[in-house]
Amino acid sequence: MRTWLTQHARTLAATCARFARSRMASLLNIAVIGIALALPVGGYVILGTLQHLARTHGSTPQLSVFLALDASGDDAAAVRDRLKRHASVLKFSFVPRDQALRELKASAGLADVVDSLQHNPLPDAFVVDARDGGAGNLQNMREEFRKWPKVAHVQLDTAWATRLDALLRLGKLVVLLLAAALGIAMVAVTFNTIRLQILTQREEIEVSRLIGATDPFIRRPFLYYGAVLGAFGGLAAWALVWAGAYVLNHSLTEIGQIYGASLNLRRLTPEESTGIVLFSTWLCWLGAWLSVQQHLVAVDPV
């Protein structure tokens, strides 16, 4: 175990020395990887911010539950109790039929029409605010409420919620496609970088194989180089996203003050930041492995 750890420690030290010897090339590779990874991460941050703003400042999704005209006070109380116990209901208010008629009468141009009515045609109703404004959840609540006793109709305007969900799904798809495309680009960059290093050390690799070096021994320094390159690239991407959010938040704060809203790009959580670095490390390790593996397969181990 100690020998294994010593070998890996020496390989890591040699990799760091190689970075130090070729600072400019290493910095350029790190910059390319950082920019490539920062684009989808930045899109993810913007999408999360828009989703938060929509939930915070958007209109609260509501359902109007209309009771049957022959519903009694006990029936209304039973519906009220069910709404209180419902996990998806944030809050609700009861609108008696007499109050609804008065509000209708107060509307411009409708007083004469209401006075001509022989009886009140409006039912008692509950206005319900949902905890989750997703279109699917609102539809499920609507279907459930319609089956309750003495509920005649449930009115729901899901047009805005449906449009919001569609836009968020489109945004997530765009970010995923961008991440996939740039992830392939990161693998390609690492592949070519390691390929150039293999070409410069071709004779050294051939001599090592002649004296009995195994494939894992030959792979190890290149895999370490790719992993370290990816780790630094992930840190560069995190720094770019953090700096971009810091700069933009100053302007967004001023705009938010004008409109009376809090506009700020959200910060990456520690878990998300760690995931970015690990994902970048893995992608570059994969590019290095593919490059070395191609060389080992192509070379005839005489």
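Every residue, every condition in (1) within 22 Å of I35 (Cα to Cα); (2) assigned to a loop (DSSP other than H, G, I, E, B); (3) modelled with pLDDT of 85 or more, yes or no:
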{"position": "I184", "(1), (2), (3)": "yes, no, yes"}
{"position": "V207", "(1), (2), (3)": "no, no, no"}
{"position": "L229", "(1), (2), (3)": "yes, no, yes"}
{"position": "L235", "(1), (2), (3)": "yes, no, yes"}
{"position": "W238", "(1), (2), (3)": "yes, no, yes"}
{"position": "I258", "(1), (2), (3)": "no, no, no"}
{"position": "R267", "(1), (2), (3)": "yes, yes, no"}
{"position": "D300", "(1), (2), (3)": "no, yes, no"}
*Any idea which of L156, L196 is among the aliphatic types (A, V, I, L, M) and free of Cβ contacts under 8 Å to residues at least 40 places away in the same chain?*
L196
*So which residues in the stretch 95-107 are surrounded by fewer than 16 Cβ atoms within 10 Å (Cβ to Cβ) and modelled with pLDDT of 85 or more, if there are any at all?*
P96
*Can you name the number of the only condition in (1) surrounded by 14 or more Cβ atoms within 10 Å (Cβ to Cβ); (2) outside the structural domain of L223 (by TED's automatic domain parsing); (3) at pLDDT 90 or above that L37 fails?*
(2)
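The values are calculated or read from the model by the stated rules, or taken from the named source; none is laboratory data. Quantities reported herein were computed from a predicted structural model and do not represent experimental measurements. Note that each Cβ is placed from the backbone with ideal geometry, even for glycine, and that neighbours are counted across all protein chains shown.
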